[in-house]
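The structure appears below as structure tokens.
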């Protein structure tokens, strides 16, 4: 047997073992949004889902003041794909984050209300996330855009 | 024309305000809030009619949210929608049973209060009588008959106080059934208040202390102890039960309410709730105080009992190994019985004069109590002593029989075997 034949045989044996194991059809979606109060140390914590994160960067981005969200009640929902949707009263955007190792990385900041939201809430409407505010404001959001507007 | 007709209907329809939007979170919160309100109403309910109305409201809650059951099953984690409703229904049934029980017992709280007051008054008069009896006991030491009478009256007084204090305790706990865990916190506070008003722990302590004093100043006889042991054991058992309940009640009264929520069934506002931060610690300290005097009562009672029994042996001039409890007493008696059997000494003084005349007659009731010697062990000891007596009886009995037989033989020989008189000769014709 030649070297090339040995190499081919080894590749046949080893290559399937080197491929990455992945699980399909994962549903990350939370059935209901979490309403989380920002602590004095600028942190929100969701006990049920075991999530704890600082929100100073969001406050800086939205209000140009990293302490602006202290005491505010933010709305957080994870969609079926695994993206986190975050917004709150007076927000003009919905922030969509992807989970990374010990970080939430901004995937998209979606502008939703020029005048700012008053009393927003998220609903899980697979494959989208519904954003409502008051009795008439409604948007269907994907992880990077508004897909439907209803006024 | 057709377009105009369509516009007439479609434009108003499109411009009409859409029905109010509702977030899933608001739906979940609404359900939870209504369920909490119903649970609170059940907790504070005091009439079966009120509980019936809550039952209807539970049915209404279920009907209102049934269209969202699939969502609520996921959102109410770890419970499902049906489990949440079932839990409310179970609470409603439990509350109904409790309230119904209180109602059917026919014991209104006001009547109970009156009963507790009456019992407390009788207890106080018995306490006054007790002081007088202790005085009489001191004076009547000269005459044995009057001493015995004073002891009898004092024992009866202490037993009556014992019964009364636990009658008060029963009256306080009776309306709440056997399972105190199912009693609402607000009711536990009421129990704690009544226990405090009736001064229950102090009275329990006093009764135990009276018994200690009684044992200190009284010379008891063997037959007195069985009743005293029974009284102590019953008192200690009832105190243990009361202590557990008091701990439960005090823990509930002292428990801080959950953050952001009023305590279960507790009153709110300035006049509500009498939670005391140190209530549990205070109750534990009081209980420990009673425990210590009860321990002293037990120690003195047991010490007096075995001391009195040792004295019986000494007075009978019989020396046995030292004993101060059931096992050492049994061991000493068995050793003495074995030594008597081996030495062939006359066992009569021990068997007849001490065991039968004193121990078996005066001390048996006390000895047969569990925790002293016990019925089985006493029977075994009594059998061992009786065997000793049997052996001696057998030897004596045989000697007696032999003697009697010898005397009978002698009598027969001398009386019945006398020579018969000779037959007179026939006269010659």
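FYI, it's all coordinate maths here, none of it is from the lab. All figures in this text were calculated on a predicted structure; none of them were measured in a lab. Here the Cβ is made from the backbone with ideal geometry for all residues, glycine too, and neighbour counts use every protein chain on show.
Panel order for A:47, A:55, B:333, by other beta carbons found within 10 Å of each beta carbon, from fewest to most: A:47, B:333, A:55. Taking all Cα pairs closer than 8 Å and separated by 6 or more residues, the relative contact order of the stretch B:304-415 comes to 25 percent. The Rg/Rh ratio for the stretch B:24-104 is 1.02, where Rg is the radius of gyration of the alpha carbons and Rh is the Kirkwood radius. Spin-label model, residue B:63/residue B:223: points 7 Å from Cα along the beta carbon direction are separated by 7.6 nm.
Mean separation of Cα pairs under 8 Å and 6 or more residues apart, divided by the residue count, gives chain A a relative contact order of 16 percent.
Distance between the modelled labels on residue B:193 and residue B:319, one decimal in nanometres: 6.9 nm (7 Å Cα→Cβ projection). Normalising by residue count, chain A has a Cα convex hull of 157 Å³ per residue.
Counting Cβ atoms of other protein chains within 10 Å of each residue's Cβ and taking the mean over peptide B:237-243 gives 0. Sorting the segments B:204-210, A:70-76, B:323-329 by their mean number of nearby beta carbons within 10 angstrom, highest to lowest, gives B:204-210, A:70-76, B:323-329. Sorted ascending by nearby beta carbons within 10 Å, beginning with the fewest, B:44, A:22, B:339 become A:22, B:339, B:44. Shielding value for B:352-362 is 0, the average number of Cβ atoms from other chains within 10 Å of each residue's Cβ.
For the peptides B:234-240, A:57-63, B:400-406, the ranking by mean Cβ contacts within 10 Å, running from highest to lowest, is A:57-63, B:234-240, B:400-406. The Cα center of the stretch B:63-88 and the Cα center of the stretch A:35-92 differ in position by 28 Å.
Taking every residue in B:22-34 and counting other chain Cβ atoms within 10 Å of its Cβ, the average works out to 4.
In terms of packing, defined here as the mean over residues of other Cβ atoms within 10 angstrom, the peptides B:223-233, B:81-91 line up highest first as B:223-233, B:81-91. Averaged over all directions, how much area does the convex hull of the C-alpha atoms of the stretch A:74-151 cover when projected, in nm²? Result: 4.7 nm². Dividing the mean sequence gap of close Cα pairs (under 8 Å, 6+ apart) by how many residues the stretch B:24-104 holds gives a relative contact order of 39 percent.
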